[in-house]
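The numbers here are math on the coordinates, done by the rules we state, and not lab data. In this text, all values refer to a predicted model and were calculated from it rather than measured experimentally. Methodologically, a virtual Cβ is constructed for each residue, glycine included, from the backbone with ideal geometry; neighbour enumeration extends over all protein chains shown.
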Amino acid sequence: MRRTMLFLPGNTPNIIINADVLGADSVILDLEDAVSPDQKDAARILVRNALKYMNFGSCEIIVRINPLSSGMWKEDLDEIIPLRPSVIMPTKVSASYDVEHIAAYITEVEKRAAIPEGSTQIMPLIETARGVENAFHIAEADKRVCAVFIGCEDLTADLRCVRTKTGTEVFYARSRVVCAARAAGIEAYDTPFTDINDKEGLRKDAEFAKGLGYTGKACISPRQVDIVNEVFSPSDADIEYARLVFKVIAEAKAQGRGAVSLKGKMIDKPIVDRAAFVLEMAKALGKGGADHE
């Protein structure tokens, strides 16, 4: 479960050491934009050592590497893959070839490190116009791809438009990326909201992303985590309704009835699927969640 993915600069040991208590489901240890060019080697070593010696508890570890064009991505993978991060996040992914190229090299590193092939997942970061248009091909490029993530800061620069809080300029891109992910059968994660002081704006943006179909959202500050977690978690009312769905289905089955309705609305497969998803999330969050078929 990834409701929140919190970016942490790879060259900040005082922040990384607290990664497991910041409340995020996943942390993204960043070797790319958050690290200045003269700190790349130091950040790579720090992240490697953090993975080697720290216990991150239940917090998933994602490492964002430098783009293919940088010439540093292989060094990133050489240092990081042997320490078994859950996910690698390649940046500036614009085509399926980018994913295939990275996946092939990850396989090489896994073999050298005697790690079972396929252990490391990939979450491509889509942040170019070309990447948006190729989103479906990127999403299905390799079996390692577990999700896609849209980054709208670099995307708006590529589009030559201004990034705004309302996000109208990236509405098409956000819609296309989430649709591509769902078509490929994987998850989609939304771009960060960059004003860390605007809590109401963050909430509205997260709710909008959830409404589009995103599974979760990235954060750039620990101060954003609680709000995003709340938005992407099922409410008590959601959980109760999901339980009722399966209750009325069980009652109808016991009575030999095929058609089922709840509060005047017919219960069809999409409603059942959504209810099952809510109950699975509730169970993962320790909020119960009834068993269902």
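When we measure straight from the Cα of Lys247, which lysines land under 25 angstrom away, once same-chain ones fewer than 8 places off are left out?
Lys263, Lys265, Lys269, Lys283, Lys287
I need the peptides 16-25, 107-116 ranked by packing, meaning the mean over residues of other C-beta atoms within 10 angstrom, with the highest value on top.
Working: 16-25: 16.8, 107-116: 13.4.
By packing density, highest mean first, the sequence is 16-25, 107-116.
Please work out whether segment 2-129 counts as rounded, prolate or oblate from its C-alpha gyration tensor, where a ≥ b ≥ c are the square roots of the eigenvalues and a/c under 1.5 means rounded, while otherwise a/b larger than b/c means prolate and anything else oblate?
Rounded, because the longest to shortest axis ratio a/c is under 1.5.
Here are several values of volume of the Cα convex hull per residue in Å³: (i) 123; (ii) 149; (iii) 162. Which one was derived from the coordinates shown?
(ii)
Go ahead and collect, in residue order, the members of segment 58-101 whose backbone nitrogen is under 17 Å from a label point 7 Å along the Cα-Cβ direction of Lys111.
Counting backbone N atoms under 17 Å from the label point, the list is 78, 81-82, 100-101.
Run the quick spin-label model on Asp195 and Lys52: label points 7 Å from Cα toward the beta carbon, then report their separation in nm to one decimal.
My value for the distance between the label points is 4.4 nm.
Taking 45 Å as R0, compute the FRET efficiency from the Cβ-Cβ separation of Arg176 and Arg257 and round it to 0.05.
0.60
Mind listing the long-range amide H neighbours of Met89? Cut-off is under 5 Å, sequence gap 5 or more, other chains count too, H placed in the peptide plane at 1.01 Å from N.
Val63, Arg64, Ile65, Met123
Whole number please: convex hull volume per residue of the Cα set in segment 1-75, in Å³?
91 Å³
Pull up the cross-link candidates among the lysines for Lys165, meaning alpha carbon to alpha carbon under 26 Å and not fewer than 8 places away within one chain.
Lys92, Lys199, Lys204, Lys210, Lys217
What percent do you get for the relative contact order of segment 4-231 when only Cα pairs under 8 Å and 6+ apart count?
So the answer I get is 18 percent.
Note the full-extension length gain between Glu133 and Glu207 as 0.36 nm times their separation in residues minus their Cα-Cα distance, in nm to one decimal. Working shown, then result.
Numbers: separation 74, 0.36 × 74 = 26.64 nm, distance 2.45 nm.
Net length gain for the segment: 24.2 nm.
At a 10 Å Cβ-Cβ cut-off, how would you order Met266, Met281, fewest neighbours first?
Met266, Met281
Pull up the DSSP beta bridges for the chain and report the antiparallel fraction as a percent, rounded to 5. It would help to have the intermediate numbers written out before the result.
Details: 2 of 28 bridges.
DSSP beta bridges in the chain are roughly 5 percent antiparallel.
To make sure I understand the rule: partners must be lysines, Cα under 21 Å from the Cα of Lys52, and not fewer than 8 residues away in the same chain. Which ones qualify?
Those lysines meeting the cut-off are Lys40, Lys74, Lys111.
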